[in-house]
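Reading through the structure tokens given below for one structure.
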Amino acid sequence: MGNIQTSNVQVPTHIDVPKHASNKVSRKVLPIDKSDDILAKVPKVIPQSCCYLRLKRMQRVHDYLQMEKDYVKVTSKNQKFDRTAIEDKKTINKLRGKVVGIGKILELFEDEKHAIVSMSHSKREYYIPILSFVDKSLLRINSSVLVKAGGTSKNVPVAVVGVLKDNDDQNLSAYKVTKKPKESFAEIAGLDQQIVELREAVEFPLTHPELYIQMGISSPKGVILYGPPGTGKTLLAKAIANSTNATFLRACGSDLVRKTSGEGPKQIRNLFEMAKQYSPCILFLDEIDAIGTKRFDTSCKGEKEIQRTMLELLNQLDGFDDRGEVKIVMATNKIESLDPALIRPGRIDRKIELPKPDQRSKLRIFKIHTSQMNLDKDINFEKLLSKEREMSGAEIKSICSEAGMLALRNLRKIVKMEDFETAIKNVFLKSKTEKEEIYL
């Protein structure tokens, strides 16, 4: 057989399709609903809400239990630490033994194991050791220490067993007012001019010192408030402390009087040094006439100590810069009894008198102190003021408080006119008809 020649074979260009065969492959097409409701509808997913909430509740309970476990663990550690600290303290007290008294370190050696101590009840000096449990970082020259007794008489110091904090620092910390006074200028009536003068001398130099520099003037160094008792001297000092962010230090003149020689001037120096540390600061010296009276020749040691205290006060007032951030405010009832050197210009540059309120000011003070009280409609304050002409702001406040107490005593929530009339009789002391006699 021979090879087939394919070159001569012709491929048909057209194939006839049988009549029974279809031209397309049939496929079922699903109808599409193109309505707006179907396209905008979001499929809902409904979780098992009860199981989910139960799971969250159990997780919250687990967190609370874990927190309680941590708290119990920390508390138990603290209790163990407290027990250890108490036991250590008892051991130290046993080693410390009987304390004979308080001494003062005169000389401290380099090894910090021995010191020369003087006792308060004796002029003798003792060379005694310092026990190992004493905190060496607190040891300073002139610091107060606890001294252990010993010897045949059980009254001889043999060792230093403790260190006391400086008493002067504890006394000075009592002068600092940590909380801001609640009194404000809105609660003061009848002293509008005095408030302006006080703010110009105390508040504005602390808040706007650039104004005084631009004007080329110096702000007042000190201010003294004087007037009869109950006219608002202390109230003004509290209000000026409330209006500024400065530290408020308050000291009474009687607190600066010391029995021991040299303690009064030392207290003044420490007080002014504390004012510098807490600057900006307002130092309020109330009842300054306790240490600032006129000087006279005397042989009494107490009077001489008071005069030395006043001399130190004069020295501190001269040492302050006129543009410093420490302002001095004094108060007294008797300015005529003060020494002229204390209130001269350059030390006390502004003197503000606080008189007793007039009729209009009294009405304002009554309205201020009765603003939170339930008053009867028939109350007439002008009628009350006509019965007692001279009346201070402190006395008006006392009258309002006494009237409220009388209403409570009668089981009433409304204060009536008769309560105020009775309160005035109780507050004011009636002069006795009997003459005063002098008994020799």
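The values are calculated or read from the model by the stated rules, or taken from the named source; none is laboratory data. Being a predicted model, the structure only gives us computed values, none of them experimental. Cβ: placed from backbone, ideal geometry, glycine included. Neighbour counts: every protein chain shown.
The table for this structure:
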read-out: Long-range neighbours under 6 Å by Cβ, at least six apart or interchain, first residue assigned by TED's automatic domain parsing to the domain that holds GLU402 and over 21 Å from THR234 (Cα atoms) within region 355-382, second among the aliphatic types (A, V, I, L, M) and modelled with pLDDT of 85 or more; value: MET373/VAL415; ASN374/ILE414; LEU375/VAL415; ASP376/ILE414; ASP378/MET417; ILE379/MET417; PHE381/LEU363
read-out: Residue check, PHE248 part of a helix (DSSP H, G or I) and not assigned by TED's automatic domain parsing to the domain that holds GLU395; value: no
read-out: All positions within region 370-412 that are surrounded by 11 or more Cβ atoms within 10 Å (Cβ to Cβ), modelled with pLDDT under 85 and among the basic types (Lys, Arg); value: LYS383, LYS387
read-out: Where LEU198 falls short, out of the listed (1) over 26 Å from THR309 (Cα atoms); (2) within 22 Å of the chain's Cα centre (by Cα); (3) modelled with pLDDT of 85 or more; value: (2)
read-out: Residue satisfying all of: in region 126-166; small (Gly, Ala, Ser) and within 16 Å of LEU106 (Cα to Cα); modelled with the highest pLDDT among these; value: ALA159
read-out: Any hit, region 329-345, residues being among the charged types (D, E, K, R), out of contact with any Gly (no Cβ under 8 Å at 6 or more places or on another chain) and modelled with pLDDT under 85; value: no
read-out: Identity of the residue in region 212-236, assigned to a helix (DSSP H, G or I) and under 29 Å from the mean Cα position of the chain (by Cα), that ends up surrounded by the most Cβ atoms within 10 Å (Cβ to Cβ); value: LEU236
read-out: Pick from region 288-316, criterion modelled with pLDDT under 85 and among the hydrophobic types (A, V, I, L, M, F, W, C), ranking: nearest to VAL257 (Cα to Cα); value: ILE306
